[in-house]
Amino acid sequence: MRKVFLAGLGGAVAGFVMSAQFAGPLLAQESEDEASVYEQLDLFGDIFERIRSSYVEEVADKELIQSAINGMLQSLDPHSSYLPPDDFDDMQVQTKGEFGGLGIEVTQENGFVKVVSPMDDTPADRAGILAGDLITHVNGESVLGLNLNDAVDMMRGPVGSEITITITREGTPEPFDVTLTRETITIAAVRSRLEDDAVVLRLTTFNEQTYEGLEKQLKEQVEAAGGMDKVKGFVIDLRNNPGGLLNQAISVADAFLNSGEIVSTRGRDPRDSERYNAAEGDLAEGKPIVVVINGGSASASEIVAGALQDHHRAVVVGTQSFGKGSVQTIMPVQGEGAIRLTTARYYTPSGRSIQALGVSPDIIVEPRPVDPTAAAEGEKSATPSVNPQRTEADLRGSLSNDSLTEDEKKTLEQERERREETARLRTEDYQLSYAIDILRGLSVLDSEQSGKQN
């Protein structure tokens with residue numbers, strides 16, 4: 001007992017000595033840091049007063065302070081910013097799915113405004129704006145040096161008014177102007193259709209309507225196909241989807257997973273880390289899934305693609321995604337405004353961060369544009385011509401196939417016509433047609449495996 005007690009006492013004494021050695025320097029360091037902060041705030045106040053008294057033109061105090069706040073936030077990363085009351089109201093409207101503007105999601109790069117993606121069926125989309133385009137001028141005025149909010153403000157205006165933006169595009173030698181008319185942008189978060197026996201679900205954004213629209217339209221298309229037994233699988237098209245609400249991305253991924261992690265977020269304080277898991281229930285009932293992504297697929301889109309890819313629930317095709325792996329929190333502040341602050345990074349179920357890297361597709365499929373010369377000559381010339389091919393059935397006196405009934409022959413003919421329709425789709429959307437072909441192959445393998453198990 002004596003030895004234990006001494007050992008304990010020795011530890012206590014050692015701890016006291018260590019405290020005595022380091023407490024002084026730590027307190028001194030804290031005092032120096034605190035003094036430095038106050039000195040910097042004094043410097044800010046001094047500069048603020050000099051601008052008010054000596055700048056060549058009178059500047060509103062409110063504008064100066066808002067610019068200072070925004071500059072502080074935007075120095076952190078491209079996605080943190082200050083939202084004055086009007087911008088905060090606009091942001092809340094956007095997440096509900098309707099707002100005014102051009103229909104482009106943008107970020108900032110090298111001082112210019114960079115297009116993350118155009119939104120489907122908006123002025124920007126119809127004008128041919130592409131993900132990766134750099135906007136250098138708005139109505140002839142340079143945006144170089146402006147913060148992102150100010151640049152976006154230049155592009156806002158009354159619905160029905162015209163705006164001319166100057167675009168620099170990789171692979172295009174000279175900048176060019178595009179004139180657009182501002183519209184009220186109503187985003188259909190989900191669009192769907194049947195292609196052959198595949199259900200195509202096009203997700204354009206992640207707003208408050210996304211999961212509800214996905215669930216509703218998936219059921220409608222399955223019913224239109226004649227039931228789940230008639231559906232080969234599902235294509236989830238996330239191309240040019242700039243993201244949106246985190247909870248909607250989690251709900252969409254959960255819709256096709258029965259268990260396991262969907263995404264985790266990790267902030268500066270480990271106690272603020274979150275992990276989101278899937279609940280039982282797969283809307284696709286285990287049918288094969290192919291996800292299509294491209295360079296305009298960002299943030300929430302990458303969460304969905306990464307989760308389904310890591311769980312081997314879907315094959316991801318297309319091109320590398322945008323690579324936005326951070327989470328922004330909207331924090332209301334005094335004065336009815338808010339700040340958008342990057343508070344965490346998110347990670348896919350395998351623990352990988354896609355920040356600045358993006359999601360790599362399992363199969364890289366570049367878009368194959370329609371030949372403009374052929375397209376200009378008309379729809380028929382834009383459709384790939386199929387050289388007439390002579391077969392056994394074309395030979396005079398050939399034997400008929402006696403192993404098939406007339407109904408079976410009719411079914412085979414219908415299937416052949418559907419395959420040809422998918423082939424024609426390649427001229428309009430090569431990536432989507434490729435995804436449908438993969439889906440069909442997965443469906444064949446899946447049915448063969450089911451047959452062996454039975």
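The values are calculated or read from the model by the stated rules, or taken from the named source; none is laboratory data. Because the structure is a prediction, the values reported are computed rather than measured. All Cβ positions, even for glycine, are placed from backbone atoms using ideal geometry, and neighbour counts span all protein chains on display. Side chains included, ligands, DNA and RNA excluded: accessible areas come from the protein's heavy atoms. Shrake-Rupley method; radii C 1.70, N 1.55, O 1.52, S 1.80 Å.
Cβ-Cβ distance below 9 Å, separation of 6 or more or different chains: which pairs start in segment 42-57 with a residue that is more than 15 Å from residue 69 (Cα to Cα) and end on one that is in a helix (DSSP H, G or I)?
Partner pairs satisfying both residue conditions: 51/64; 52/61; 52/64.
Out of 298, 279, report the one residue that is assigned to a loop (DSSP other than H, G, I, E, B), of a type in the set (A, V, I, L, M, F, W, C) and surrounded by fewer than 24 Cβ atoms within 10 Å (Cβ to Cβ).
279
Which of (1) farther than 19 Å from residue 186 by Cβ; (2) open to solvent by 20 Å² or more (accessible area, probe 1.4 Å); (3) of a type outside the set (Val, Ile, Thr); (4) out of contact with any helix residue (DSSP H, G or I) (no Cβ under 7 Å at 6 or more places or on another chain) does residue 133 not meet, given it meets every other one?
(2)
With (1) under 21 Å from residue 210 (Cβ atoms); (2) modelled with pLDDT under 95 as the list, and residue 267 as the residue in question, which single condition is left unmet?
Against the list (1) under 21 Å from residue 210 (Cβ atoms); (2) modelled with pLDDT under 95, residue 267 comes up short only on (1).
Determine whether segment 80-94 contains at least one residue that is in a loop (DSSP other than H, G, I, E, B) and at pLDDT below 95.
yes
Quick test of your reading of the structure: residue 343 fulfils all but one of (1) part of a strand (DSSP E or B); (2) open to solvent by 10 Å² or more (accessible area, probe 1.4 Å); (3) under 24 Å from residue 131 (Cβ atoms). Name the failing condition by number.
(3)
So for segment 191-202 (the condition being over 17 Å from residue 243 (Cβ atoms) and polar (S, T, N, Q)), does at least one residue qualify? Before the answer, list the steps.
Residues of segment 191-202 over 17 Å from residue 243 (Cβ atoms): 191-200.
Subsequent filtering for residues that are polar (S, T, N, Q) retains 192.
Yes, segment 191-202 contains at least one residue that is over 17 Å from residue 243 (Cβ atoms) and polar (S, T, N, Q).
Here are the criteria: (1) part of a loop (DSSP other than H, G, I, E, B); (2) over 15 Å from the mean Cα position of the chain (by Cα); (3) under 22 Å from residue 275 (Cβ atoms). Tell me which single one residue 324 does not satisfy.
(2)
Could you grab me the full set of residues in segment 53-71 that are open to solvent by 100 Å² or more (accessible area, probe 1.4 Å) and either at pLDDT 95 or above or not in a helix (DSSP H, G or I) (or both)?
Scanning segment 53-71 gives 55, 56, 57, 58.
Any idea which residue in segment 175-204 is farthest from residue 139 (Cα to Cα), counting only those that are open to solvent by 30 Å² or more (accessible area, probe 1.4 Å) and not in a strand (DSSP E or B)?
196
Every residue, every condition in (1) without any contact (Cβ under 8 Å) to a residue 24 or more places away in the chain; (2) touching a strand residue (DSSP E or B) at 6+ places or on another chain (Cβ under 8 Å), yes or no:
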| position | (1), (2) |
| --- | --- |
| 288 | no, yes |
| 293 | no, yes |
| 296 | no, yes |
| 315 | no, yes |
| 329 | yes, yes |
| 336 | no, no |
| 341 | no, yes |
| 348 | no, yes |
| 355 | no, yes |
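Looking for whichever is closer than 20 Å to residue 244 by Cα, open to solvent by less than 20 Å² (accessible area, probe 1.4 Å) and either acidic (Asp, Glu) or outside any helix (DSSP H, G or I) (or both) here; the options are 359, 317. Which one fits?
Result of the check over 359, 317: 359.
Restricting to segment 205-236, name every residue that is open to solvent by less than 10 Å² (accessible area, probe 1.4 Å) and in contact with a helix residue (DSSP H, G or I) (Cβ under 7 Å, 6 or more places away or on another chain).
Within segment 205-236, 206, 207, 210, 214, 231, 233, 235 qualify.
So residue 309 passes all but one of these: (1) within 26 Å of residue 440 (Cβ to Cβ); (2) part of a loop (DSSP other than H, G, I, E, B); (3) out of contact with any helix residue (DSSP H, G or I) (no Cβ under 7 Å at 6 or more places or on another chain); (4) open to solvent by 10 Å² or more (accessible area, probe 1.4 Å). Which condition number does it fail?
The failed condition is (2).
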